[in-house]
Amino acid sequence: MIFTYSELNILCCGDTPSKKKLEIFTIASNYHIMVNPSDANFYDRCVIQEIIKTAASAQQLDPSGQREFKVVVLTEVDKLTKDAQHALRRTMEKHIGTCRLILIANSTSKIIPAILSRCLGVRVPAPTEKEIISILQTVSKKEGLSLPLPLAENIAKKSNRNLRRALLSLEACKTQQYPFSPTQEVVAPDWEVFLRKTATAIVQEQSPNSLFKVREMIYELLIHCIPPEVIFKGLLKELVKNCDGSLKCEVTKMAAYHEHRMQLGSKAIYHVEAFIAAFMSVYKRFMEESMSDIF
Amino acid sequence: MAWVSSTFNDVNISVKDRKRSKTTQASKRVCINPWVDEFPPLTLDDVAIHKKKLQEVQNWLIESNLRSKEKRILLLTGPPGSSKSAVIHAIARDQNISLREWVNNYSSNNDYFKENYNDLPFRGYETDFTYSQAERFSDFVFRSSKYKDLSKALNTSSNLVLIEEIPNVYVLNPLEFHRLLRKYLICCTCPLVFIISETKNNNLVKSLFPIELQEELHITNISFQIYIILTLIQYQLVFLQNAINRILNLTSNSNSPIFDSVGTTKKQFLQMIAEKSGGDVRSEEADGATKAKKDLKRKAKSVEDFIGCKDSSLILFRALGKVLYCKREKCVEKNTNNLLPPHLKNQERDSLLENPEDVFERSDSTAASFNLFLHQNCCPFFTDINDFSAAINYLGDGDIFNAYWDPTHSLENYVSSVSIRGMMHNIKRDKTTTPQTFRSLTRPDLLNVVKVSNERLQKMKHLNKYLPIGTEELTSMYIPFISKIISNSNNEVDKFTKEVGLIYPAPLNRISSQTSNTSLTESFFEALNEDEEEFHIEEIED
């Protein structure tokens, strides 16, 4: 990948924790600056401009020993606001002489075309389950653990091809029970279990009262810093399991609608709850209809 | 030097004159000033605060004098009226420390300002508008920490700089403030005390004194609490009562026959004041004063009305009730036949008794917070999930309107209108059922949820700032797993991680003890990218 340095900015994209960051680390050197500007919320525009400007304006001290440009690595570019992306495009062009950028993003869909067209896109796919299994085995070998294959497969399957998650859950499994047994249960984060419980509560009873209880559960999740987007995604995944074909489509549409509204608004709980209420009313109608069909 | 001669010669009383008249007449008049100002706590025993907190503050003062560079800055936080400034003043008086206070002055021609600056070479602050507030502030901080108050220089032991108000410049630009503090630590010798009141929506402490800065500059943070909240009611009551007793004694010594009229109920009365005030000493004293004036005429039984309920939320709850109970006119005549087409018949409602806009107007709150209260309390008023779904959609609409930020709040009324009307329209009450029973209304939990989760998120980010992963991954994957991996220890960080990551408390007894502290994943990642460290260092420097 190194040859691309001389000419172009690179855009790496790929599913969450594919190895895109790792690969960049492995080729990284001390001329790099790595920043995650999306942490700065709506100040991201200023952060980007400032960083690139300062990085680019300073010339390299020793051009013979080093390359004649600097490299800035920006992570989570897709989380940047549109404003910041436009600013990025401009600064990128302006300082092309002294500065190269490596942009890292989970998906290119949220990046404006103006940036896309200025970068060399490199897609880094998420590791396959096989790869994950082999990595899990190398790691456990290095740590002096014996990892049975079925467990490794199970972990790899549960990890959604997310390598970091696979490794974390391997370690969590180890703390829970060692030596491993092949049929051992793969540890899931508490909030996922809790979210599953919330979904069951929603399916069990559809009334304003039960919604009030569900609200408490959502609060519990929020207080553990689970982002509302994740809650939406998880809830939908669990709820859809209880629906049949046509209903699945409707529920997914509702979720998308309310999540979009959540992005427009500022208080997530209204919209999460609106989705749950909408689901409840649709589900209740569906249940009543199917009951009347039976009789 | 006046540019224009005053046309109010007849009312022109100089400050000095006023002061003198006050001291001479104090014995005659009873309540010129509020009791709060009239009777500040003079000795350490008078301050209504727990002994431990007092000890903490005193300890800090001793330490700050011993060590040269560390622990020079003290930050006192707490709700208004929890005796923060009283403690400092009392300690200063007790240990004979000369206290230098900063006062935000808005007009440049302020007598108080000059008084405070009488030891500085006069630099024409009075007419010179070129000095910004920030400049004055830093000037004050650096100079007054070096030089003692001339008037008291001989008989005071040391100096203490107290800052209760922070210039607005720094509120907008905390980095500048942090720079000032760092500079202060380098060149100054005298301890510095900041006092910041914590109110509900105030994140001044967070922005001006973030955790990183507190660690970096060794700022000691002592937070005062209202004891009512912490089950220490008894303690606090005693303290508060002592405080009030002392004041009442002082006043009754002078002349007032207040407590003859109250007589035996005195003790109950005190207890009542103490409870009502919610731990705010200042409001207590103010209440006491109000009562003292009125009590001469009324009997002790009606006192309760006067001990003003500090809760302005009563008005809010009344408005909430209006919306949620949603009274409609009894349909007298059915001439509404033609108003709605048949397919919309189910949307037909009797007309409302109260105009929703008026209700909101009277509630004396912002649309966003009113919606929060509605949201918190609406559940029991619905019986059908369809209605509820519709109503909460309107709340969502309101939220979306509210998210468009504009400085004139032009959408405010629409926000409230949409959500209140949406809510009222969908609350259907059967006319056949008996009138609804009393339901207690509560404050929204969401505020607390948002506050706690924001604090946790910030802390989490700070603790894990070297991890190359995004926020979402951090909270929804890394922390939950790590909290399962780490062993139970008393380590502050581990405890915090467990608190956030685990939803149910983990079983305490673990069979296999943890062998190594570094986690597998970390060692793996480290092995792969050894120069990761260098990245971080550069990041910090930037």
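Conditions tested, residue by residue: (1) touching a Lys or Arg at 6+ places or on another chain (Cβ under 6 Å); (2) in contact (Cβ under 8 Å) with a residue 60 or more places away in the chain; (3) assigned by the TED database to the domain that holds B:Tyr325.
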| position | (1), (2), (3) |
| --- | --- |
| B:Asn355 | no, no, yes |
| B:Val359 | yes, yes, yes |
| B:Ser363 | no, no, yes |
| B:Ala368 | no, no, yes |
| B:Ala391 | no, no, yes |
| B:Leu395 | no, no, yes |
| B:Pro407 | no, no, yes |
| B:Ser417 | no, yes, yes |
| B:Arg421 | no, yes, yes |
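Does the stretch B:333-349 contain at least one residue that is modelled with pLDDT under 85, in contact with a helix residue (DSSP H, G or I) (Cβ under 8 Å, 6 or more places away or on another chain) and hydrophobic (A, V, I, L, M, F, W, C)?
Looking through the stretch B:333-349, at least one residue is modelled with pLDDT under 85, in contact with a helix residue (DSSP H, G or I) (Cβ under 8 Å, 6 or more places away or on another chain) and hydrophobic (A, V, I, L, M, F, W, C).
Would you tally the residues in the stretch A:163-181 being within 16 Å of A:Glu153 (Cβ to Cβ) and aliphatic (A, V, I, L, M)?
Within the stretch A:163-181, residues that are within 16 Å of A:Glu153 (Cβ to Cβ) and aliphatic (A, V, I, L, M) number 4.
As an exercise: evaluate B:Lys71 against (1) touching a Ser or Thr at 6+ places or on another chain (Cβ under 9 Å); (2) assigned to a helix (DSSP H, G or I); (3) modelled with pLDDT under 75 and give the number of the one condition it does not meet.
B:Lys71 satisfies all of (1) touching a Ser or Thr at 6+ places or on another chain (Cβ under 9 Å); (2) assigned to a helix (DSSP H, G or I); (3) modelled with pLDDT under 75 except (2).
Can you tell me which residue within the stretch A:163-191, out of those that are part of a loop (DSSP other than H, G, I, E, B) and aromatic (Phe, Trp, Tyr), is surrounded by the fewest Cβ atoms within 10 Å (Cβ to Cβ)?
A:Tyr178
Find all pairs meeting these conditions: Cβ atoms under 8 angstrom apart; at least six residues apart or on different chains; first residue within the stretch A:95-124 and of a type in the set (Ser, Thr, Tyr); second residue part of a strand (DSSP E or B) and modelled with pLDDT of 80 or more.
From the stretch A:95-124, the pairs are A:Thr108/A:Gly121.
Looking only at residues that are over 34 Å from the mean Cα position of the chain (by Cα) and at pLDDT 80 or above in the stretch B:483-521, which one is farthest from the other protein chains (Cβ to nearest Cβ)?
By that ranking, first place goes to B:Ile486.
How many residues does the stretch A:186-224 contain that are among the acidic types (Asp, Glu) and either in contact (Cβ under 8 Å) with a residue 12 or more places away in the chain or in contact with a Phe, Trp or Tyr (Cβ under 9 Å, 6 or more places away or on another chain) (or both)? Spell out how you get there, then give the answer.
So in the stretch A:186-224, the residues among the acidic types (Asp, Glu) come out as A:190, A:192, A:205, A:216, A:220.
Now restrict to residues that are either in contact (Cβ under 8 Å) with a residue 12 or more places away in the chain or in contact with a Phe, Trp or Tyr (Cβ under 9 Å, 6 or more places away or on another chain) (or both): A:190, A:192, A:220.
Within the stretch A:186-224, residues that are among the acidic types (Asp, Glu) and either in contact (Cβ under 8 Å) with a residue 12 or more places away in the chain or in contact with a Phe, Trp or Tyr (Cβ under 9 Å, 6 or more places away or on another chain) (or both) number 3.
Among A:Leu195, A:Leu235, A:Leu167, A:Leu221, which is touching a Leu at 6+ places or on another chain (Cβ under 7 Å), within 11 Å of chain B (Cβ to nearest Cβ) and farther than 20 Å from B:Glu499 by Cα?
From the options A:Leu195, A:Leu235, A:Leu167, A:Leu221, the qualifying one is A:Leu167.
The values are calculated or read from the model by the stated rules, or taken from the named source; none is laboratory data. This one's a predicted model, so the numbers in the text were calculated from it and none came from an experiment. Ideal geometry is used to build each Cβ from the backbone, glycine not excepted, and the neighbour counts take in all protein chains shown.
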